[in-house]
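The values are calculated or read from the model by the stated rules, or taken from the named source; none is laboratory data. This structure is a prediction, so every number in the text was calculated from the model and none was measured. Cβ sites come from the backbone with ideal geometry, for glycine too, and all protein chains shown count toward neighbours.
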Amino acid sequence: MELVYIFFMLAFLSSFGTSDFQGDALYALKLSLNASSNQLPDWLRNLVNPCTWTSVTCVNTNVTEVSLSSMGFSGTLSPQIGVLTTLSVLGLQGNNITGGIPKEYGNLSSLRILDLENNRLSGEIPDSLGNLTNLQIFQLAFNDLSGRVPDRLFNISRYNFTGNNLYCGLNLPHHCASNSSNPGGSHKSKIGIVIGSIGGVIGLICSGFLFLLWKGRLKGYRRELFVDVSGEDDRRLAFGQLKRFAWRELQLATDNFSEKYVLGQGGFGKVYKGVLADNTKIAVKRLTDYASPGGEAAFLREVDMISVAVHRNLLRLIGVCTTPSERLLVYPFMQNLSVAYRLREIKPGEPVLDWPTRKRVALGTARGLEYLHEHCNPKIIHRDVKAANVLLDEDFEAVVGDFGLAKLVDVRRTNVTTQVRGTMGHIAPEYLSTGRSSERTDVFGYGIMLLELVTGQRAIDFSRLEEEDDVLLLDHVKKLEREKRLDAIVDRNLGRNYDGIELEMMIQVALLCTQASPEDRPTMSEVVRMLEGEGLAQRWEEWQQVEVTRRHEYERVQVRFNWGEDSMLNQVAVELSGGR
């Protein structure tokens, strides 16, 4: 079964290699944006399926969303993105991107949302963008664009061209073109131009004001340019004790979602640290693309489900904020950040996680997942269990975050049958091969998280190729366990400050959780009992017997394969040496 898992991993990775045009297009975008080594580190052209890359969303292996807002890019837009005909959302707002908008973007036939505002784009808007018949939201505000706006773009439901030197139709100034509903096409736009001609003096004053505002000379006023949504809505506030936050409230709390307040970023969006007016520290998760018609009701239903999942080892949801194009979740700020941070990213002088704390984290995480699987109705499957999603409160107690978000993000997609969400190295083999998740896929992810906790290492580490063949942490630990080299498994930061018996027990639980067959894995309630010292010995003995049988079978297959290979080579040699 280990061989089966490796096969599925290789098949999954190789199916998105250098020949995959989606990966090539996205990698070209990374290069053109001049992404640094710290930006988009998992966008690796030859190694990883682009559907697993940060800020990329796929449906049935087709790239549908790319959201790279406020990441500090300073390069240009790659025309190669034009080949992504399944792309429905492209968000690059809040960067310092220069150059023009490639005409190839007019080939993005599925595009619904194009957000390029708050960059330094120049040149004209290509006429080809008028071909985007599915485009519903087009944000170009606050760039350095000039020239004429193609007439067909005024049929878009919501657009904003404010802060550019654009004109429409009659070569008249159009610095502040925006629409939040449907302007009724170019007809109404031209009526607006006539009215604007009558009030030309007022228009010039307004244009001058906006120009000064854009150039930063009225910085004190620029912060007030926002679209707000009322905080409380009694018609929708039917769930639990959740607060409905206003957009402006969260905008102020995070300094307009400043990059310096980013705590992390994943497939669901960015997380920002914030401080409310009453000095309460919060974490704001800004979800990727929620500008879908009718999506708010489904979103609130799922939030309702998550809000009733209350457990000491689950991250508590404080509130929610919705606007026509934004969905944000508000959580308490976790003072000690994540387990992944404490294992691999601590700064000089910060304490490492000691062994007793790691034991508490293992048990607390197991109890949180047990609650989601066995005490929630309907049950909640996490689908991305890893050290980065286990947070630590002020007492270093484990708090599982991001639970329910996989379903929350998928709930509006009625056409989705299978969609793999998660992080490579943490994804169970059956989930990779079928796209179907269950509680046992979470158990597999938990087992990998345990190995992270014990070793301090990442689930996939290509640097190990220099010393051995085991890129996967799971294979690396299995090998060392067979060789009885437990001292080589444990995190070096612990030194010798750990209990050898407890270490062995934790590794055994991890290996039971990461068996290739989901039916063979324990439930999370069984994991809790094993960590508490009940039932592990018998289950481990059974597992070892099965592993010995599997290894013998694997060796027999290898012998047959090698024999067949040698025979084939000999046959070829005979044929080559024969008469010609």
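All conditions in (1) in contact with a Gly (Cβ under 6 Å, 6 or more places away or on another chain); (2) modelled with pLDDT of 90 or more hold for residue 420, with the sole exception of (2). Considering each residue of segment 111-128 in turn, at least one proves to be of a type in the set (Gly, Ala, Ser) and within 24 Å of residue 86 (Cβ to Cβ).
Determine, yes or no, whether residue 506 is buried (at least 18 other Cβ atoms within 10 Å of the Cβ), touching a residue at least 12 places away in the same chain (Cβ under 8 Å) and touching a His at 6+ places or on another chain (Cβ under 6 Å).
Numbers: buried (at least 18 other Cβ atoms within 10 Å of the Cβ): yes; touching a residue at least 12 places away in the same chain (Cβ under 8 Å): yes; touching a His at 6+ places or on another chain (Cβ under 6 Å): no.
For residue 506, the condition - buried (at least 18 other Cβ atoms within 10 Å of the Cβ), touching a residue at least 12 places away in the same chain (Cβ under 8 Å) and touching a His at 6+ places or on another chain (Cβ under 6 Å) - is not met.
When you scan segment 302-316, do you find a residue that is closer than 20 Å to residue 285 by Cα, within 23 Å of the chain's Cα centre (by Cα), surrounded by fewer than 21 Cβ atoms within 10 Å (Cβ to Cβ) and of a type in the set (Asp, Glu), even just one? Checking segment 302-316: at least one residue is closer than 20 Å to residue 285 by Cα, within 23 Å of the chain's Cα centre (by Cα), surrounded by fewer than 21 Cβ atoms within 10 Å (Cβ to Cβ) and of a type in the set (Asp, Glu). Those strands (runs of 3 or more DSSP E) of segment 247-310 in which 1 or more residues are modelled with pLDDT of 80 or more and farther than 17 Å from residue 389 by Cα occupy 269-275, 281-287.
Restricting attention to segment 333-352 and to residues that are buried (at least 18 other Cβ atoms within 10 Å of the Cβ) and free of Cβ contacts under 8 Å to residues at least 60 places away in the same chain, the residue that is nearest to the chain's Cα centre (by Cα) turns out to be 341. Residues that are buried (at least 22 other Cβ atoms within 10 Å of the Cβ) and either of a type in the set (D, E, K, R) or without any contact (Cβ under 8 Å) to a residue 60 or more places away in the chain (or both) within segment 95-104 comprise just one, 101.
The combined condition, being at pLDDT below 90 and part of a loop (DSSP other than H, G, I, E, B), is not fulfilled by residue 73.
Remark: pairs (first residue in segment 54-76, within 20 Å of residue 21 (Cβ to Cβ); second residue of a type in the set (Lys, Arg); Cβ separation under 8 Å; 6+ apart in sequence or on different chains) = 59/413. Determine whether residue 435 is out of contact with any His (no Cβ under 6 Å at 6 or more places or on another chain), surrounded by fewer than 21 Cβ atoms within 10 Å (Cβ to Cβ), small (Gly, Ala, Ser) and modelled with pLDDT of 85 or more. It is false that residue 435 is out of contact with any His (no Cβ under 6 Å at 6 or more places or on another chain), surrounded by fewer than 21 Cβ atoms within 10 Å (Cβ to Cβ), small (Gly, Ala, Ser) and modelled with pLDDT of 85 or more. Checked against the criteria, residue 440 counts as of a type in the set (Lys, Arg), under 20 Å from residue 382 (Cα atoms) and part of a helix (DSSP H, G or I). Filtering segment 113-148 to residues that are among the hydroxyl-bearing types (Ser, Thr, Tyr) and not in a loop (DSSP other than H, G, I, E, B) leaves 122, 128, 146. Once segment 28-50 is narrowed to residues that are modelled with pLDDT of 90 or more and not hydrophobic (A, V, I, L, M, F, W, C), the residue that is farthest from residue 81 (Cα to Cα) is 34. Within the option set 131, 165, being of a type in the set (S, T, N, Q), modelled with pLDDT of 90 or more and surrounded by fewer than 22 Cβ atoms within 10 Å (Cβ to Cβ) holds for one residue only, 131. A search for C-beta distances below 7 Å between a residue of segment 138-153 that is on the phi > 0 side of the Ramachandran plot and any residue that is modelled with pLDDT under 90 and among the hydrophobic types (A, V, I, L, M, F, W, C), counting only pairs 6+ apart in sequence or on different chains, returns 142/214; 147/166.
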